[in-house]
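The structure appears right after this line, and notes come after that.
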């Protein structure tokens, strides 16, 4: 019986991986599916060999603090692979961990597919040499990535962005309620370190907005599995009245209802762009991590919308620029200046339209993985 192992190290990867497994199972239901992941993969029927609760960290210094946990999980997963020898291993993002798995799998002659390979175009481009040596083929989620990998002689495919399928089409089917007060959603991140650094700044921003817009309402969408306690702690510490905000696990509904979306850089900032609303990107790192990142990063912008557009489409308030005053100023400008607001949303729509394809990215990826690795197993 065929064995499939899929490895995701954080919530966004767990969501994409579960969609991928869903479609592979439709083609090969008799196979056995195993995963390092979270609740999404588990609910899709994959047997978890390791969880991701303590692995989702961002930044160099933050990884050091988790090194013992990461090493322990890596050892357990590696031992499982040696013992069970799956027929294919699918890696989803999470490169520092997954590169070690790829090297071991190559040694054991197990084919490795990389779904959402590392952003080599942003930093550490030399990783492409590792990918060329140890990965059978990659499936990318941005159209500009395809040429980068193919130029390096790597077998690469692009079927679209899975977020477009998972979020954008849902948004198109959702009706927005009519109202006459501003609603602002804050997506402060999914990792504990992000929430730790962002919570205080976001709540102070909320206070400034409320002082100028008395009827403003705030939404904090957290997907299931994300610990929202750092934000709740600051809200309570600052004595923020509970009728000012709501915390929900329905990201789709929150973003549809919002007039403005303030999102931590990363997947959330791209996701927010699907809703044709003004987006403000915020991010704050441990200072040492920030200094290291400045040396390694090869791109001008941090937000995926801006990276794809190759210009500043939406405001980026990063590190020292991420202050409550600056967040308020951007929100105030959007609420007061319709032409400014419309210019942002028009540019966002133009960027998002480039992700549209005529296939379901997850289904097409599943078909490819089956054809190239599982068809004859």
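Order of 215, 53, 243 from fewest to most other C-beta atoms within 10 Å?
Exposure proxy ranking, most exposed first: 243, 215, 53.
Could you put 193, 323 in order, starting from the residue whose Cβ has the fewest other Cβ atoms within 10 Å?
323, 193
Once you put a point 7 Å from the Cα of residue 346 and another 7 Å from the Cα of residue 1, both along the Cβ direction, what distance in nm separates them?
Distance between label points: 5.8 nm.
With 10 Å bins from zero, work out the P(r) of region 1-121 over every alpha carbon pair and list the percent per bin.
14, 49, 32, 5, 0
Across all directions of projection, what mean area in square nanometres is found for the Cα convex hull of the chain?
Values: hull surface 73.0 nm².
Averaged projected area of the chain's Cα convex hull equals 18.3 nm².
So, in nm, how far is label residue 211 from label residue 68 when the simple model puts each one 7 Å beyond its Cα toward the Cβ?
For residue 211 paired with residue 68, the spin-label model returns 4.4 nm.
So how do 74, 232 line up by other beta-carbon neighbours within 10 Å, fewest first?
On the way: 74 19, 232 16.
Neighbour counts put them in this order, fewest first: 232, 74.
Please tell me the relative contact order of region 168-353 in percent, rounded to the nearest whole number, where contacts are Cα pairs under 8 Å and at least six residues apart.
Numbers: 282 pairs, mean separation 43.9, N = 186.
RCO, region 168-353: 24 percent.
Rounding to the nearest 10 and keeping the result within 0 to 90°, find how far the Cα-based axis of helix 11-27 lies from the longest principal axis of the chain.
50
With n ≥ 4 as the cut-off for DSSP H runs, can you work out [θ] at 222 nm for the chain, using -39500 (n - 2.57) per run divided by the number of residues, rounded to the nearest 500? If you can, show how the numbers build up before the last one.
On the way: 17 runs with 178 residues, N = 377.
Rounded to the nearest 500, it is -14000 deg cm²/dmol.
Quick check: residue separation of residue 311 and residue 329 times 0.36 nm, minus the Cα distance between them. What number comes out in nm? Write out the running numbers ahead of the final one.
Details: separation 18, 0.36 × 18 = 6.48 nm, distance 2.09 nm.
This chain segment gains 4.4 nm when fully extended.
How far, in nm, would the chain grow between residue 121 and residue 239 when pulled straight, counting 0.36 nm per residue and subtracting the alpha carbon separation? Please list the in-between numbers first.
Details: separation 118, 0.36 × 118 = 42.48 nm, distance 4.34 nm.
Stretched fully, the residue 121-residue 239 segment lengthens by 38.1 nm.
Place the peptides 21-30, 155-164, 255-264, 305-314 in order of packing, highest mean first, counting for every residue the other Cβ atoms within 10 Å and averaging per peptide.
Details: 21-30: 16.3, 155-164: 20.4, 255-264: 23.9, 305-314: 18.9.
The most tightly packed comes first, giving 255-264, 155-164, 305-314, 21-30.
Evaluate the relative contact order of the chain (contact order divided by residue number), counting alpha-carbon pairs under 8 angstrom at least 6 apart; express in whole percent. List each step's numbers first, then the result.
Numbers: 639 pairs, mean separation 64.2, N = 377.
Here the relative contact order equals 17 percent.
Would you please classify the overall shape of region 168-353 from the alpha carbon gyration tensor, given that a ≥ b ≥ c denote the square roots of the eigenvalues, rounded means a/c under 1.5, and beyond that prolate means a/b larger than b/c while oblate covers the rest? The partial results should precede the final answer.
Numbers: a/c = 1.39, a/b = 1.05, b/c = 1.32.
Verdict is rounded for region 168-353.
Only the coordinates and a few stated rules stand behind these numbers; no lab work does. Computed from a predicted model, the values in this text were never measured in an experiment. Positions of Cβ are backbone-derived with ideal geometry, glycine not excepted, and every protein chain shown enters the neighbour counts.
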